[in-house]
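Have a look at the structure below, then the notes.
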Amino acid sequence: MRILAVTQKLPSPVHDGYNLRMAAYLPRLAQRHEVALAAIDRGSIAPDLERQLALVVRLPERDAPRHGVVHRALSAFSPDELYDRDPRVDAELARLCERFKPDLVWSVGWRMLPHALSLRGAPIVADAIDEAVREAWIELRAGPSARRFIHLVRVLRFERRHFPRARRVLFVSDQDAQVTSRVAPRSRCAVTPNGVDIEHYRPEPVEETPDLLVFEGALVHPPNVAGVRYFVAEVLPKIRAQRPRARLLVVGRDPPPDLLELARPDPQTSGVEFTGFVDDVRPHVRRASVFVSPLIGGAGLKNKVLQAWALGKPVVATPLSVGGLEARDGEELVVADGAEALAQACLKLLGDAPLRARLGAAGRRAAVERFSWESATARLESELAQALSPSR
């Protein structure tokens, strides 16, 4: 296949789930197909990867236009307000298609889909990754506000307008695909889960730090911030009431100042410590007695859980943290809903080394057998190939 990948940004550095997905898929697809990449010119691309691709085109990016009060009021609920449509990008993509002549266009992320749908002559696969209506609804229920209600209406109208026009709409979890099937029923949804680099994230004989709980995730992502804040306020005190030496290590870049206040006056007293940005999360996660994913918002499949699984760490997670994993509660991880249940699950694991070892080994098997990037790429290739058939 000749595949044109249209992306929101270049795939390096790999500091978030979007870039992780692209940095994993692009070289694997390029081994068997001709792949061109058109990306908004932010970030960078590794020279080795650029050499593997047929073309790399850096699309222009502009500052968002400044609209007046009247325009903002009249367009408050418009899905066009989600992303600024740049006619220069449409023109550049049209020239690229004329030059490359793709069999299909793989549009990754919401921002690029209106641009991709402006193209003619090749079917469009919309890789939505996460389901934004579900995420917006969860946020609205958690804290109702006019801003969140407007955002929900915008993403709902975006899905209904654009998703049915794509030959395929891809999500990383069944839950997300099911939501779109209900809110935009003419969409042809499919699931292509994320993967994990099972060689890079592999167990090593590192001594655990007793009573150490670890969470890992970029703290520019609001669901991660909300999850950490919830765990520190509602769950950690219940754990420390029975295990006073228990503490939470939060591994992730860009923690906001109000989140850092949770570690005051010092980590020993608060039981909370933040690493900030680290070059490699693996040593921190390997030290953990238990990996926790206390997310109470967001959508999609959580790469942090896949990485903890691959590292052989026992995981305690909320139901929202395990969407798309098809995980077996009590066998590959522990799923706990509510502060009391999360605290009790952590306490049980902290006090039971054989159980930690069993869950960690089962998680590692799940990562290897079901979530390698090789198997994920095979599923993506299958969906792309099916999109070439008008009847599918």
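The values are calculated or read from the model by the stated rules, or taken from the named source; none is laboratory data. Predicted model, so just to flag it, every value in this text is computed and none were measured. Please note: Cβ atoms are built from the backbone with ideal geometry, for glycine as well, and neighbour counts cover all protein chains shown. For accessibility, only protein heavy atoms count, side chains too; no ligands or nucleic acids. Shrake-Rupley method; radii C 1.70, N 1.55, O 1.52, S 1.80 Å.
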>> For region 210-224, which positions are crowded, with 16+ Cβ neighbours inside 10 Å and not charged (D, E, K, R)?
In response: Leu212, Leu213, Val214, Phe215, Gly217, Ala218, Leu219, His221, Pro223, Asn224
> From the residues in region 230-250 that are within 20 Å of Ala341 (Cβ to Cβ) and under 21 Å from the mean Cα position of the chain (by Cα), which one is surrounded by the fewest Cβ atoms within 10 Å (Cβ to Cβ)?
Replying inline: Tyr230
>> Restricting to region 55-109, count the residues that are at pLDDT 85 or above, closer than 30 Å to Ser382 by Cβ and in a loop (DSSP other than H, G, I, E, B).
In response: 4
>> Please go through region 131-147 and give me each residue that is touching a helix residue (DSSP H, G or I) at 6+ places or on another chain (Cβ under 7 Å) and either open to solvent by 70 Å² or more (accessible area, probe 1.4 Å) or part of a loop (DSSP other than H, G, I, E, B) (or both), ordered by number.
In response: Glu131, Trp137
> Filtering region 171-197 down to residues that are crowded, with 20+ Cβ neighbours inside 10 Å, of a type in the set (Val, Ile, Thr) and not in a helix (DSSP H, G or I), which residue is modelled with the lowest pLDDT?
Replying inline: Val172
> Before we move on, is Gly227 small (Gly, Ala, Ser), in contact with a strand residue (DSSP E or B) (Cβ under 6 Å, 6 or more places away or on another chain) and either at positive phi or surrounded by 22 or more Cβ atoms within 10 Å (Cβ to Cβ) (or both)?
Replying inline: no
>> Checking the structure you have, find out if any residue of region 272-284 is open to solvent by 10 Å² or more (accessible area, probe 1.4 Å), free of Cβ contacts under 8 Å to residues at least 12 places away in the same chain and not acidic (Asp, Glu).
In response: no
> Going by the structure shown, is Ala378 assigned to a loop (DSSP other than H, G, I, E, B), open to solvent by 10 Å² or more (accessible area, probe 1.4 Å) and modelled with pLDDT under 95?
Replying inline: no
>> Being out of contact with any Phe, Trp or Tyr (no Cβ under 9 Å at 6 or more places or on another chain), within 21 Å of Gln307 (Cα to Cα), open to solvent by 10 Å² or more (accessible area, probe 1.4 Å) and of a type in the set (D, E, K, R): is that true of Glu207 here?
In response: yes
